[in-house]
Structures are given as C-alpha cells and as structure tokens.
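We did not get these values from a lab; they are worked out from the coordinates using the rules stated. Remember, it's a predicted structure, so these values are computed and weren't measured experimentally. Glycine also receives a Cβ, built like all others from the backbone with ideal geometry; neighbour counts cover every protein chain displayed.
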C-alpha cells in the first residue's frame with residue numbers, strides 16, 4: 001500500500017508516517033521499482049498502536065523497544081513488564097496530581113478566607129506566612 005492510502009486509513013499525515021519510519025517504528029517497509037514506499041497491510045494497525053501508546057504517555061523509545069519486527073512476534077513478558085511499569089508511573093503521577101490539587105484547593109481556600117476588613121497586601125502576607133509554615137516535605141512535593 002502506498003503512503004497516501006496509509007495516511008487516509010490512519011488519519012496521519014504522510015510526513016508523520018515517514019517520521020515514524022525514520023525512527024524505526026515502522027519496519028518491513030519495502031520500495032517499489034519506482035522508489036515509492038510499499039507499506040504492508042498491518043502498517044495501519046502498527047501506526048494505531050504507536051499513536052495510542054504515545055497518547056498513553058509512552059515515549060518513542062519505549063514504543064520502539066516493545067514493538068515486534070513482525071506483527072505476530074510480540075514478546076509477551078517484556079510487553080507486560082513495560083505496560084505494568086507505565087501503569088505504575090501513571091499511578092504515581094495521579095498521586096502527585098491529587099496532592100497538587102489538594103494543595104491548590106487549600107491555597108485557594110486560604111486566599112478566599114480573607115477577612116473583609118483586611119487589605120489585600122496584608123492578606124498576601126498572611127497567605128505567605130501560612131504557606132511557609134508547611135513542613136519542608138510538603139513544600140517540596142507541592143512545587
């Protein structure tokens with residue numbers, strides 16, 4: 001299949017497809033006698049996996065490490081280990097994000113709890129003093 005048809009099937013631009021090929025993610029790409037690339041039928045599936053993996057947070061190097069040379073040559077143990085590591089990374093990120101979200105909500109509540117008769121500059125000083133009172137571990141995680 002030519003690159004134009006592959007682009008149409010996947011919704012990717014021809015330049016994106018050539019980029020993935022140049023990075024070694026698309027393998028088994030042949031050339032016709034006129035020099036045009038000849039992509040195998042499973043190239044659309046592989047491109048779908050690449051795009052989905054990127055959206056899930058995998059880097060191109062991580063994707064390249066787990067993609068098989070042939071679409072039927074998946075290395076089960078390596079694939080599962082990589083997927084489980086990425087899942088652990090995402091869970092750790094979720095925890096950090098939840099902590100950051102809680103910290104921001106506390107900061108917003110602190111700012112909004114300004115007494116009506118307090119000047120904004122005094123409130124700013126009050127908020128800064130309160131934030132500085134956080135234990136060093138919490139300040140480090142919040143940044």
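The table for this structure:
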read-out	value
Unit Cα scatterers, Debye sum, the range 1-74: log10 I(q)/I(0) for q = 0.11, 0.15, 0.17, 0.27 Å⁻¹	-0.25, -0.46, -0.59, -1.44
Correct option for log10 I(q)/I(0) by the Debye sum over Cα atoms at q = 0.13 Å⁻¹ [calculated from the coordinates] among (i) -0.59; (ii) -0.77; (iii) -0.71	(iii)
Neighbour-count ranking [beta-carbon atoms within 10 angstrom, fewest first] of 110, 25, 47	110, 25, 47
Rel. contact order, % - alpha carbon contacts under 8 angstrom, at least six apart, the chain	17 percent
Burial ordering of 86, 2, 101, fewest other beta-carbon atoms within 10 Å first	101, 2, 86
Neighbour-count ranking [beta-carbon atoms within 10 angstrom, fewest first] of 20, 36	36, 20
